[in-house]
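A.B. asks: Below are the structure tokens for one structure; questions will follow.
FYI, it's all coordinate maths here, none of it is from the lab. All figures in this text were calculated on a predicted structure; none of them were measured in a lab. Here the Cβ is made from the backbone with ideal geometry for all residues, glycine too, and neighbour counts use every protein chain on show.
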Amino acid sequence: MKIVTPESTQFKVVDAPYYAESGSEVGIFEAAWKQKVPVLLKGPTGCGKTRFVSYMAHKLNLPLITVSCHEDLSASDLIGRYVIQNDEVLWSDGPMTAAVRMGAILYLDEVVEARKDTIVAIHPLSDHRRSLLIDKLATVLEAPDNFLLVISYNPGYQSLLKELKPSTRQRFASIAFDYPTEETECEILITETGVNSDIASKLASLATRIRKLTHRGLEEGASTRLLLHTARLIQGGVSIADATNATLVETLSDDPEMQNALRDLIDDFFGL
Ligand SMILES: Nc1ncnc2c1ncn2[C@@H]1O[C@H](COP(=O)(O)OP(=O)(O)O)[C@@H](O)[C@H]1O
Ligand SMILES: [Mg+2]
């Protein structure tokens with residue numbers, strides 16, 4: 001049976017990603033990889049989880065295969081399937097199998113979005129077995145030393161339907177992410193967008209205030225990603241009022257009252 005699997009060079013993180021460390025996450029991740037402990041990254045959307053994983057993949061010189069999980073994702077999508085090409089039956093590796101074969105970091109982003117039976121498929125890889133059963137090929141693949149399973153999840157979206165079961169969670173060392181401190185966020189804004197330090201520090205402290213509104217009806221606070229969009233629009237020549245309106249007010253809420261509260265806050269910060 002001919003097996004089709006991607007080249008590991010496709011998954012190399014070539015350029016060093018910029019990542020501002022917040023705590024001891026780099027050391028924990030590195031030790032977890034060396035000790036073969038799977039890693040769970042948890043935290044709100046847009047706070048640096050994905051950036052951190054690509055930073056670590058580059059630092060540890062490992063290929064990185066990322067899968068964004070969704071409810072239609074099946075175990076076969078991860079493991080692989082037979083395909084017919086020019087009248088020949090081939091086996092095509094899914095991302096999980098490919099990652100095991102090449103000794104990559106397998107990053108399952110937003111893992112709670114995946115179906116339960118799909119999540120169960122990662123269990124043998126996340127315990128002492130470190131193996132992957134490919135039942136259709138009647139094969140068990142042992143993960144090489146370099147392989148590391150990393151999953152992410154956002155506890156903010158937690159609902160009864162979408163929670164990680166303890167039987168899954170307890171296989172991982174967890175690293176909690178949160179929004180960066182104002183100082184770090186300011187540095188990220190400047191480095192990523194080139195915005196001036198005055199605007200960057202105002203945006204960073206505005207974000208702190210907006211994040212406090214989550215107790216008052218805002219579903220989620222402004223992410224670092226969203227602040228970067230604000231800064232980019234400003235860098236693109238959009239006025240501060242329009243840029244903050246488009247990226248913060250309108251993106252964060254559809255509720256007119258909340259929008260007005262956000263606009264007032266922004267006016268205060270920027271003296272508009
Ligand atoms: N600690 C950080 N260092 C550098 N950039 C960061 C950091 N945190 C967030 N960012 C920026 O915010 C963006 C969104 O972060 P991302 O890693 O995609 O978030 P998540 O995966 O948590 O949703 C990144 O593309 C990056 O520009
Ligand atoms: Mg992400």
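A.B. asks: According to a simple spin-label model (label point 7 Å from Cα along Cα-to-Cβ), what is the distance in nm between Q170 and R225?
C.D. replies: Distance between label points: 3.2 nm.
A.B. asks: How big is the gap, in Å, between the Cα center of segment 109-142 and the Cα center of segment 209-240?
C.D. replies: 38 Å
A.B. asks: Moving on. Which length gain, in nm to one decimal place, applies between V83 and N146 when the Cα-Cα distance is subtracted from 0.36 nm times their residue separation?
C.D. replies: Additional length available on full extension: 19.8 nm.
A.B. asks: Provide the net charge surrounding L206, with neighbours chosen by a C-beta distance below 14 Å and charges set as Lys +1, Arg +1, Asp -1, Glu -1.
C.D. replies: -1
A.B. asks: Follow-up. Within straight cross-link reach of K34, meaning Cα distance under 17 Å, which aspartates and glutamates are found once same-chain residues fewer than 8 apart are removed?
C.D. replies: Qualifying aspartates and glutamates at Cα under 17 Å: E25, D127, E142, D145.
A.B. asks: Which of the pairs K42/K212; K2/K49; K12/K136; K162/K202 have their Cα atoms more than 31 Å apart in this structure?
C.D. replies: Flagged as over cut-off: K2/K49; K162/K202.
A.B. asks: How high is the relative contact order of the chain, given as a whole-number percent (alpha carbon pairs under 8 Å, six or more residues apart)?
C.D. replies: 20 percent
A.B. asks: Taking the Cα-to-Cβ direction at T139 and at H70 and moving 7 Å from each Cα, how far apart do the two end points lie in nm?
C.D. replies: Placing both labels 7 Å beyond Cα along the Cβ direction yields 2.9 nm.
A.B. asks: OK, next. What nm distance separates the two modelled labels at Q35 and M1, each placed 7 Å from Cα along Cα→Cβ?
C.D. replies: Distance between label points: 3.7 nm.
A.B. asks: Can you tell me how much longer the chain between Q10 and D264 gets when fully stretched, taken as 0.36 nm per residue apart minus their C-alpha distance, in nm with one decimal?
C.D. replies: 86.7 nm
A.B. asks: Follow-up. Can you list the aspartates and glutamates whose alpha carbon is less than 16 Å from that of K116, not counting same-chain residues fewer than 8 positions off?
C.D. replies: Qualifying aspartates and glutamates at Cα under 16 Å: E71, D72, D77, E163.
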